[in-house]
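The values are calculated or read from the model by the stated rules, or taken from the named source; none is laboratory data. Please read all numbers here as calculations on a predicted model, not as lab measurements. No Cβ is skipped: glycine too gets one built from the backbone with ideal geometry, and neighbour counts run over all protein chains shown. All accessible areas refer to the heavy atoms of the entire protein, side chains included, with ligands and DNA or RNA removed. Shrake-Rupley method; radii C 1.70, N 1.55, O 1.52, S 1.80 Å.
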Amino acid sequence: MTTATLFTDNQLLVTAFSEIFKSLEWDYICLHPDDFGVTAFTAGKIEIAVLASPQSARLNVEIANVSAKFPGLTLILFLDLNIDREFESCPEYISGIIPTNATEAQIKNSLRMCADGYDIFPSRFRSRGDSNDVAGLSFKTAMKLTQREFQILQQITDGDANKQIARIFDISLNTVQVHASAIFRKLHVSNRTQAARAFQESRQGLGIEQSSKSKH
């Protein structure tokens, strides 16, 4: 079972994240941000650390120290992107940044993706993405989609049927179905509607604008 630690002095966030961790069936503990540091992770096996709405720039140094000491630890920041600008130098040390205006579903999806080894970053941290990043977070890269899978996911999100997608890309219907199955598996969904919703919610909640469709 995944073990997480939430660092915050906000009781509302403690309550909200406790419910989220329970729904994910994760073990968790909650600590004050002042306790964030190397010593906080030496007592037990903690796989994920969520630092919620941090207020001290000194945490930049602590984040770097913790990352160096525990390279297998997944570090996630839960930030108000309009306020917490002093943490813009952190991405090289962490696995994700979740904005405070994200919905519960988006937070859960982001935590799950980070736990699976993916990086989740909003638009102004796009340097973590690859050269094909469009308008911010590279959803394609985060979900480890191939270029063709990403193109097909865009068509699915636009409501195109498999036969239409096959004609657009000049591939067989069976090939489309194979790609769709791979997309569902990587997005942890079971159908087209859920795949489209996951793509739309990730773009809207994590600072991603609508990308233009690629037909080639």
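Laid out as a table, the results:
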| quantity | calculated |
| --- | --- |
| Ranked order, 167, 148 - accessible area, probe 1.4 Å, largest first | 167, 148 |
| Calculated from backbone phi, Karplus (6.51, -1.76, 1.60) coupling profile of segment 14-28 in Hz, x at Gly/Pro | 4, 5, 5, 6, 4, 5, 5, 4, 5, 5, 7, 6, 9, 6, 7 |
| Computed accessible area, residue 163, all protein chains, 1.4 angstrom probe, square angstrom | 140 Å² |
| Segment residue 148-residue 29, extension gain: residue separation times 0.36 nm, minus the distance between their alpha carbons | 38.8 nm |
| Inter-site label distance for residue 164 and residue 189 at 7 Å from Cα along Cβ, in nm | 1.6 nm |
| Cross-link table 22/69; 108/186; 22/144, entries beyond 18 Å C-alpha to C-alpha | 22/69; 22/144 |
| Extension gain (nm, one decimal) between residue 103 and residue 182, 0.36 nm per residue minus Cα-Cα | 25.8 nm |
| Accessible surface of residue 1 - all protein chains present, 1.4 Å probe, nearest 10 Å² | 150 Å² |
| Amide proton proximity set for residue 7, modelled H, under 5 Å, gap of 5+ | 31, 50, 51, 52 |
| Rounded to whole Hz, the Karplus (6.51, -1.76, 1.60) HN-Hα couplings of segment 156-172, x for glycine and proline | 4, 5, 7, x, 6, 6, 4, 5, 5, 5, 4, 5, 4, 9, 6, 10, 6 |
